[in-house]
Amino acid sequence: MTKILGITGGIASGKSTADVFFREKQIPVIDCDQIAHDILNKGEKGYELVLKRFGMNILKSDRSINRSELGQIVFNDKKQLETLNRITHPLIFQEIQAKIALNNPSKNSLVVVDAPVLFEANGQKYCDFTLLIAIPESLQMKRLMLRDRLSKGAALKRIRSQMPLSQKEKLADFVINNTGTKQDLKSKLEQLLLEIKGEDLYGMS
């Protein structure tokens, strides 16, 4: 039977590096950020629902959603963010379930779901176990500002829009602190896989 490992963490915490690691191990990775992007494409249900709620002002000239404009709205207004999440989260998890079902249990004994808002959306109920990749807020802000070319204020708003790290740590089955290099993170993930196998969660022991 296929087991589901849900990975979460704050923005710029290192989830993408973890995804690369698991794919190198031939473990399927379902990227919720990509799903969240796709459901807002023209013709998708999410597109219609978001447009109905937020209005025509969020459209570009080609009638695609201006994601930067939408981001400005929701990251500056907690209620607007909650509204967007109520629209998109059910659609995202429907797509996750569909993608999980496509995996052959005899071939893939583990499937990874990368979900930045896993706990905020109560997505852990879809997982057999969960992993939190954690970094201090100061390092997270530095990485986010560099990666997305954001001001300190804009970076902080995005970080604070998510559940506090301390709360996520209480909910996660496994926690990896990612304060070192990419190779350090991969070494910790390698150890995690061994631990999962040892607990007979991965179907490999």
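Full extension of the chain between Phe75 and Met145 yields a length gain of 23.7 nm, computed as 0.36 nm times the residue separation minus the alpha carbon distance. Summarising the label geometry, the points placed 7 Å from Cα in the beta-carbon direction at Asp33 and Glu137 lie 2.2 nm from one another. Summing Cβ point charges (Lys, Arg +1; Asp, Glu -1) relative to the Cα centre of the chain gives a dipole of roughly 660 debye.
Kirkwood analysis of the Cα pair distances in the chain returns a hydrodynamic radius of 18.0 Å.
Taking the centroid of alpha carbons for each part, the stretch 97-175 and the stretch 30-54 are 19 Å apart. Electrostatic bookkeeping for Leu185 treats Lys and Arg as +1 and Asp and Glu as -1; over the other residues with beta carbon under 12 Å from its beta carbon, the sum is +1.
The convex hull of the Cα atoms of the stretch 136-192, projected and averaged over all directions, covers 4.4 nm². Across the stretch 34-102, counting alpha-carbon atoms alone, Rg and Dmax equal 12.3, 38 Å. Rounded to the nearest 5, the antiparallel percentage of DSSP beta bridges internal to the chain is 5%.
None of the figures in this text is laboratory data; all of them are computed from the coordinates on show. Being a predicted model, the structure only gives us computed values, none of them experimental. Counting neighbours? That spans all protein chains shown, and the Cβs are built from the backbone with ideal geometry, glycine included.
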